[in-house]
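The values are calculated or read from the model by the stated rules, or taken from the named source; none is laboratory data. Not measured: the values here are computed from a predicted model. Here the Cβ is made from the backbone with ideal geometry for all residues, glycine too, and neighbour counts use every protein chain on show. Remember, those area values only see protein heavy atoms, side chains included, never the ligands or the DNA or RNA. Shrake-Rupley method; radii C 1.70, N 1.55, O 1.52, S 1.80 Å.
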Amino acid sequence: MYISYFFDLYFRFEQAYVPGSLEWENPWDKPSLVSGNDWAVVTFSNENLTDNYLGGYDEENELSFALQFADLPEWGNVGALSSRQIDAFRFQYQFDRVKHYQTASFAYQILTFSRSSYPEMPQLNELEKHVRTPICNCL
């Protein structure tokens, strides 16, 4: 299952946190893959993520995006366009080992907020502590 979260380019997400790869930086700063001057991505997997939390930040609009996994995906990436705008967070779960009459599930949660909706919004290096909450895997 391939899941993508695309950002409206009205916003200017230019910083991302991908534990083990990006420390509130842009994918152009440490790309895993580049396509000319068109786009850059930082890839991650359940083998190289050092935590279960990803984040994005739009400094101009003071807007934060957080993604917390209860179950780490097999693979994913954070992409940025030539303008350095982060346009998407993508991740994938593999269910190729699910047998007939067997079920599979995964859980993650997303939080987006702005300084205007959350005036006490912390600094980026403290953001993770404020968005982490227990995830209910209710399936």
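General observations
- Filter result (within 18 Å of PHE7 (Cα to Cα) and in contact with an Asp or Glu (Cβ under 6 Å, 6 or more places away or on another chain)) within the range 93-114: SER114
- Single unsatisfied condition, LEU72 versus (1) without any contact (Cβ under 8 Å) to a residue 12 or more places away in the chain; (2) closer than 15 Å to PRO19 by Cα: (1)
- Here LEU72, LEU67 are screened, and the one residue that is modelled with pLDDT of 90 or more, within 17 Å of TYR2 (Cβ to Cβ) and assigned to a loop (DSSP other than H, G, I, E, B) is LEU72.
- Scan the range 24-40 for residues that are over 12 Å from the mean Cα position of the chain (by Cα), over 24 Å from TYR93 (Cα atoms) and assigned to a strand (DSSP E or B) and the total you get is 2.
- Conditions (1) under 12 Å from the mean Cα position of the chain (by Cα); (2) among the hydroxyl-bearing types (Ser, Thr, Tyr); (3) open to solvent by less than 50 Å² (accessible area, probe 1.4 Å): number failed by SER114: (1)
Yes/no per residue for (1) among the charged types (D, E, K, R); (2) within 30 Å of GLU120 (Cβ to Cβ); (3) surrounded by 16 or more Cβ atoms within 10 Å (Cβ to Cβ):
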site: LEU9; (1), (2), (3): no, yes, no
site: GLN15; (1), (2), (3): no, yes, yes
site: ASP58; (1), (2), (3): yes, yes, yes
site: GLN68; (1), (2), (3): no, yes, yes
site: ARG84; (1), (2), (3): yes, yes, no
site: ARG90; (1), (2), (3): yes, no, yes
site: ASP96; (1), (2), (3): yes, no, no
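- Residue list for the range 30-53, filter: surrounded by 12 or more Cβ atoms within 10 Å (Cβ to Cβ) and β-branched (Val, Ile, Thr): VAL34, VAL41, VAL42, THR43
- The listed residues are ARG84, ARG90, ARG12, and the only one of them that is outside any loop (DSSP other than H, G, I, E, B) and out of contact with any helix residue (DSSP H, G or I) (no Cβ under 7 Å at 6 or more places or on another chain) turns out to be ARG90.
- Set PRO27, PRO73: member being open to solvent by less than 40 Å² (accessible area, probe 1.4 Å) and under 18 Å from GLN109 (Cα atoms): PRO73
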